[in-house]
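Worksheet for the structure shown next.
The values are calculated or read from the model by the stated rules, or taken from the named source; none is laboratory data. Because the structure is a prediction, the values reported are computed rather than measured. Cβ placement follows ideal geometry from the backbone for every residue including glycine, while neighbour counts extend to all protein chains displayed. Surface accessibility is based on the protein's heavy atoms, side chains included, excluding ligands, DNA and RNA. Shrake-Rupley method; radii C 1.70, N 1.55, O 1.52, S 1.80 Å.
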Amino acid sequence: MTSPKKLFIKTYGCQMNVYDSERMAEALGGQGYVETLDAADADMILLNTCHIREKAAEKVYSELGRLKPLKELNPNLKIGVAGCVAQAEGEEIMRRQPAVDLVVGPQSYHRLPQMEARVRAGHTALDTDFPEEDKFEHLKGRPKARRAPAAFLTVQEGCDKFCAFCVVPYTRGAEVSRPASRVLDEARELVERGVREITLLGQNVNAYHGAGPKGDMTLAALIKDLAKVDGLERIRYTTSHPNDMDDALIEAHGEVPELMPYLHLPVQSGSDQILKRMNRSHTAESYLRLLERIRAVRPDIILSGDFIVGFPEETDADFEATMELVREVRYGYAYSFKYSTRPGTPAAERPLVDADVADARLQQLQALITEHQRDIQGSMVGREVSVLVERAGREPGQMLGKSEYLHAVHIDDAKAAIGDIAKVRIVEAKTNSLRAVHL
Ligand code: 5AD
Ligand code: SF4
């Protein structure tokens, strides 16, 4: 018997890449690959890359430089680049780093088996098309293993919003939604494999409009159908645009018990002037009113957001407006980034903010967000929550999982197994997690 070929995948960036990496591993599983956690042991290394900020893209080239010597140790090793850097830079990657054998864009993963055969035959392979066929359909029917209790499921890809700073509409293309029946089939199959929580993914997931039995469906309608799937206990979705939070989706947060009380809703800035220049087509006020409506139907919801500081021409007053918005919302989680110029986007033409000023603003914003995050974690002490148990903790008898609010929770002397939803009381808030005991 020949020993299986080893596949090492390193994933950068967003959760959609995590989902895509799993699908790529399944596709190559059909070619006799098993995954390894050790790059030095691999016959194929794939970097699933992110292009959202310049740093993210540069990391890929430095990683490729580090991996190159492995080819001298193992002449059978093939190196591939997937994801948004592959889509954006294509052939340029092989020019800059000749150790790369394969470049595959996010819409072509179902073609990986043929591409793998090509590189094994000693050629290079490049595919950054936006093909007509549905890659998700072609990625089906691969070997199925038991899955962890929480899984991602991509329902929508691409974005039509064209925020002035963002490469996504160029690298991932226009919005495309998967038909509802396909999403429901995949969800049922995940549940059969042990999954109890599904996070629906899309670059702009709440713009979902996949084909349904009576015309296009909204995300709210899809969530309601998913909630009826037996054994699926928890649903989340990410990431959303404020302008696509329609009435039905807001109401779903109050009506659908399976929809977890956590929402990632990026605002990017608290200044109307900056929001306008970002082409966000909402104001700080309309965003706050939207949150009020969501909190009215689900008062305990925990909010999360994304921020960009140092957007071109951002003044001190603009930045103060962002701080003010954060003080008003009090996010349970938030991700803040220093503006990074992306060539080809409209904002790349505008004058930059001084780098030291942008750094100082980022630190100030992150300190405020951390303060709120700690307060909110602290306020969970004494509360009863339910935890989806995902794995054993470090201490004997301890299990680790996520609360409905997405907090990481350690349960002491756990009487629950992986995949159980345990009722617990929070007894302590630590920096990045909570500690709990059974009720
Ligand atoms: N510079 C900095 N941050 C960016 N993001 C997107 N594009 C850029 C950029 N050019 C951030 C946004 C987005 C998150 C995924 O990344 O906040 O919501
Ligand atoms: Fe990028 Fe999100 Fe704006 Fe789309 S909505 S352009 S993905 S930041």
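Would you work out the relative contact order for the range 384-438, in percent, from Cα pairs under 8 angstrom that are 6 or more residues apart? Let's see the in-between values first.
Values: 135 pairs, mean separation 19.6, N = 55.
RCO, the range 384-438: 36 percent.
Take each of the peptides 315-324, 290-299, average the number of other beta-carbon atoms within 10 Å over its residues, and list them starting from the highest.
315-324, 290-299
What residues from the range 288-315 fall in the zone where the backbone N is under 19 Å from a label point 7 Å along the Cα-to-C-beta line of T341?
Residues passing the 19 Å test: 308-315.
For the chain, what is the charge dipole size about the Cα centre, in debye to the nearest 20, if Lys and Arg each add +1 at the Cβ and Asp and Glu each add -1 at the Cβ?
The dipole magnitude comes to about 1060 debye.
I need to check one value: relative contact order of the range 350-409, counting alpha carbon pairs closer than 8 Å and at least 6 residues apart, in percent. If you can, show how the numbers build up before the last one.
Working: 36 pairs, mean separation 11.9, N = 60.
Over the range 350-409, the number comes to 20 percent.
For the range 176-193, in order, what is each residue's ³J(HN,Hα) by Karplus, 6.51 cos²θ - 1.76 cosθ + 1.60 with θ = phi - 60°, in whole Hz (x at glycine and Pro)?
Rounded to whole hertz, the list is 9, 10, 7, x, 4, 4, 5, 5, 5, 4, 5, 5, 4, 5, 4, 4, 4, 8.
Can you tell me what share of the DSSP beta bridges in the chain is antiparallel? A percent to the nearest 5 is fine.
35 percent
Per residue Cα convex hull volume for the range 23-160, in cubic angstrom? Mind dumping the intermediate values first?
Working: hull volume 18.6 nm³, N = 138.
That works out to 135 Å³ per residue.
Over the chain, what is the relative contact order in whole percent, taking alpha-carbon pairs under 8 Å and six or more residues apart?
Relative contact order for the chain comes out at 10 percent.
Return the loop-located chymotrypsin sites (Phe, Trp or Tyr not before Pro) in the range 150-183 (DSSP other than H, G, I, E, B) with at most 15 other Cβ atoms within 10 Å of their own Cβ; answer none if there are none. List each step's numbers first, then the result.
Working: sites: F152, F162, F165, Y170; in loops: F162, F165.
Answer in residue order: F162.
For the chain, which cysteines have no disulfide-compatible partner, meaning no other cysteine Cβ under 4.7 Å?
Lacking a cysteine Cβ partner under 4.7 Å: C14, C50, C84, C159.
Under a point spin-label approximation (7 Å from Cα along Cα-to-Cβ), what is the N74-E428 distance to one decimal in nm?
Using points 7 Å along Cα→Cβ, the separation is 4.1 nm.
Taking loop as defined by DSSP and a crowding limit of 11 other beta carbons within 10 Å, which trypsin sites (Lys or Arg not before Pro) in the range 312-408 fit?
Numbers: sites: R327, R330, K338, R361, R374, R383, R391, R394, K402; in loops: R330, R383, R394.
Those satisfying the criteria are R394.
On the protein heavy atoms, probe 1.4 angstrom, tell me the percent of accessible surface of the range 290-379 carried by carbon and sulfur. Working shown, then result.
Values: 2190 of 4280 Å².
The C+S portion of the solvent-accessible surface of the range 290-379 is 51 percent.
How large is the accessible surface per residue of the range 146-260, computed with a 1.4 Å probe and reported in Å² as a whole number?
36 Å²
Suppose all protein chains stay in the model; what accessible area per residue would a 1.4 Å probe give for the range 384-438, in Å²? Can you show the working numbers first?
On the way: 2800 Å² over 55 residues.
I get 51 Å² per residue for this part.
What residues have an amide H closer than 5 Å to that of D420, excluding those fewer than 5 places away on the same chain, when H is modeled at 1.01 Å from N in the peptide plane?
Here the answer is V389, since their amide H atoms fall under 5 Å of that of D420.
Pick out which of S281, S403, S240 has the largest mean-square fluctuation in a Gaussian network model of the chain, springs linking Cα atoms closer than 10 Å.
Result for the chain, Cα springs under 10 Å: S281 fluctuates most.
Using Stokes-Einstein with the Kirkwood hydrodynamic radius over Cα pairs, what translational diffusion coefficient do you get for the range 146-260 at 20 °C and a viscosity of 1.002 mPa s, in µm²/s rounded to a whole number?
The diffusion coefficient I find is 149 µm²/s.
Could I have the simple spin-label model distance between V34 and K214, label points 7 Å from Cα toward Cβ, reported in nm to one decimal?
5.0 nm
Mind checking the alpha-carbon convex hull of the range 384-438 and giving the volume per residue in Å³?
Hull volume over Cα atoms, normalised by residue count, gives 66 Å³.
Using a 1.4 angstrom probe on heavy atoms only, work out the carbon and sulfur share of the accessible area of the range 126-242 in %.
After summing per-atom areas, the C and S share lands at 51 percent.
Once phi is turned into θ = phi - 60°, what whole-Hz ³J(HN,Hα) does the Karplus curve with 6.51, -1.76 and 1.60 give for every residue of the range 272-281, x standing for Gly and Pro?
Going residue by residue, I get 4, 4, 5, 4, 5, 5, 7, 6, 7, 6 Hz, with x marking Gly and Pro.
Using helices alone, what [θ] at 222 nm do you get for the chain, with -39,500 (n - 2.57) per DSSP H run of 4 or more residues, divided over all residues and rounded to the nearest 500?
Calculated at 222 nm, the ellipticity per residue is -10500 deg cm²/dmol.
Rolling a 1.4 angstrom probe over the protein chains, ignoring ligands and nucleic acids, what is the accessible area of K59 in square angstrom, nearest 10?
120 Å²
Can you give the translational diffusion coefficient of the chain in µm²/s, computed by Stokes-Einstein from the Kirkwood radius over Cα pairs at 20 °C and 1.002 mPa s? Working shown, then result.
Working: Rh = 23.3 Å.
The estimated diffusion coefficient comes to 92 µm²/s.
Counting only protein chains, not ligands or nucleic acids, how are E22, E395, E251, E186 ordered by accessible area (probe 1.4 Å), most first? Each step should come with its number before you reach the end.
On the way: E22 60, E395 115, E251 85, E186 35 Å².
The ordering from most to least exposed comes out as E395, E251, E22, E186.
If you count only protein heavy atoms with a 1.4 Å probe, what accessible area per residue comes out for the range 290-379, rounded to a whole Å²?
On a per-residue basis, 48 Å².
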